[in-house]
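A.B. asks: First the structure, which I've put down as structure tokens, then a few questions once you've had a look.
The values are calculated or read from the model by the stated rules, or taken from the named source; none is laboratory data. Just so it is clear, the structure is predicted and the values come from calculations on it, not from any experiment. Virtual Cβ from ideal backbone geometry, glycine too; neighbours counted across all protein chains shown. Each accessible area value is taken on the protein alone, full model and side chains, heavy atoms only, with ligands, DNA and RNA left out. Shrake-Rupley method; radii C 1.70, N 1.55, O 1.52, S 1.80 Å.
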Amino acid sequence: MDQEQSQAKTEENSGERDPMAGQITDFGASTIRTARGTIHTLTIVGQIEGHQILEPTAKTTKYEHVLPLLAAVEESDDVDGLLVLLNTVGGDIEAGLAIAELISGMRKPTVSLVLGGGHSIGVPLAVSARRSFIVPSAAMTIHPVRLNGLVIGVSQTFDYFTRIQERILQFVTRHSRVSRADFVERMLRTGELAADVGSVLYGEEAVALGLIDQMGGLGDALSCLHAMMKGEA
């Protein structure tokens with residue numbers, strides 16, 4: 001191979017992109033293959049971006065990326081389980097619920113792990129997996145639905161708020177052990193959040209309330225997922 005061909009080959013190789021690096025950069029996702037099976041890892045971080053594009057400086061999870069990715073994971077013959085890592089402040093309700101519903105409807109083993117925070121619409125996302133974990137230092141904020149922008153002060157608006165809140169409430173109580181009464185009480189609690197209504201739960205509190213299944217870190221979440229993949233859990 002002469003010098004010109006060698007240079008062309010080097011330039012060609014430099015333009016190639018590692019598929020794994022591409023997944024992490026574009027979707028916050030990676031696929032881990034070991035002798036014990038193949039796990040797809042999805043990170044849900046920052047704000048859940050919905051129909052409105054957020055400012056470029058905001059760290060976001062785009063639902064139009066996540067939805068087809070989850071469908072591909074469910075259909076893939078090469079993936080045995082899904083690990084969802086959460087550190088989110090919340091975001092778009094419709095987008096968050098869409099992702100949560102898709103995860104909860106998967107037939108493959110799914111495990112979630114709350115790291116840092118699983119706030120607001122992050123709560124349904126955290127409980128959407130078959131088994132949920134939370135680290136001791138993580139926090140989860142429960143509060144009523146809030147909308148930005150123009151709000152028309154008529155009864156229909158308040159009915160709409162109520163119906164949205166009911167959708168979230170039903171999803172959370174259906175996919176966790178928390179009772180409806182306890183969740184509503186925490187959601188409407190006053191005096192805990194400055195200039196807001198609601199409450200913050202930390203690791204042990206979230207488990208004691210029945211919102212999250214158990215305390216644990218990455219190793220615990222992976223062990224549980226591997227057990228599910230083997231049919232042992």
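A.B. asks: Would you mind computing Rg(Cα) / (2.2 N^0.38 Å) for region 81-137, counting N as its residues?
C.D. replies: Scaled against compact globular proteins, the figure is 1.03.
A.B. asks: Search the structure for amide H atoms under 5 Å from the amide H of Gly90, placed 1.01 Å from N in the peptide plane, and list their residues when 5 or more places away or on another chain.
C.D. replies: Ile48, His119, Gly122
A.B. asks: How much length, in nm to one decimal, is gained on full extension between Asp196 and Ala227, taken as 0.36 nm per residue of separation minus their Cα-Cα distance? Let's see the in-between values first.
C.D. replies: Numbers: separation 31, 0.36 × 31 = 11.16 nm, distance 4.12 nm.
Taking 0.36 nm per residue and subtracting the Cα distance, the gain is 7.0 nm.
A.B. asks: Let me ask you something else. Would you mind working out the magnitude of the charge dipole of the chain relative to its Cα centre, with +1 at each Lys and Arg C-beta and -1 at each Asp and Glu C-beta, to the nearest 20 Debye?
C.D. replies: On the way: 19 positive and 29 negative charges, 191 e Å.
Around 920 debye, computed over the chain.
A.B. asks: So for the chain: antiparallel DSSP bridges make up what percent, rounded to the nearest 5?
C.D. replies: 30
A.B. asks: Angle check, please: helix 63-75 long axis (alpha carbons) against the longest principal axis of the chain (alpha carbons), in degrees 0 to 90, nearest 10.
C.D. replies: Rounded to the nearest ten degrees, it is 70.
A.B. asks: Please compute the contact order of region 58-186 in relative form: average sequence separation of alpha-carbon pairs under 8 Å and at least six residues apart, divided by the residue count, as a percent.
C.D. replies: Across region 58-186, relative contact order equals 20 percent.
A.B. asks: Right, something else. What is the sum of charges around Gly90, taking Lys and Arg as +1, Asp and Glu as -1, for the other residues whose C-beta is under 12 Å from the C-beta of Gly90?
C.D. replies: -1
A.B. asks: Per residue, how many Å² of accessible area does the chain show with a 1.4 Å probe? Write down the numbers at each step before the final one.
C.D. replies: Values: 12600 Å² over 233 residues.
For the chain, the per-residue accessible area is 54 Å².
A.B. asks: At 1.4 Å probe size, with the rest of the protein present, what percent of the exposed accessible area of the chain is carbon and sulfur atoms? Mind showing how you got there, number by number?
C.D. replies: On the way: 6610 of 12600 Å².
C and S atoms contribute 52 percent here.
A.B. asks: Loop-only trypsin sites (Lys or Arg not before Pro) in region 134-233, please: DSSP not H, G, I, E or B, and at most 16 other Cβ atoms within 10 Å.
C.D. replies: Arg146, Arg177, Arg189, Lys230
A.B. asks: Using only Cα atoms, what Kirkwood radius does region 27-69 have, in angstroms? Numbers along the way, then the final one.
C.D. replies: Numbers: mean 1/r = 0.0846 Å⁻¹.
Evaluated over region 27-69, this radius sits at 11.8 Å.
A.B. asks: Still on this model: In percent, how large is the relative contact order of the chain, given Cα pairs closer than 8 Å and 6 or more residues apart? List each step's numbers first, then the result.
C.D. replies: Values: 404 pairs, mean separation 37.9, N = 233.
Once normalised by length, the contact order is 16 percent.
A.B. asks: While we're looking at this one, here's another question. Quick check: the angle from helix 218-229's long axis to the longest principal axis of the chain, C-alpha only, nearest 10 degrees?
C.D. replies: Around 80 degrees separate the two axes.
A.B. asks: Quick one: compute the contact order of region 36-128, relative version, from alpha carbon pairs under 8 angstrom and 6+ residues apart, as a percent.
C.D. replies: Relative contact order comes out at 33 percent.
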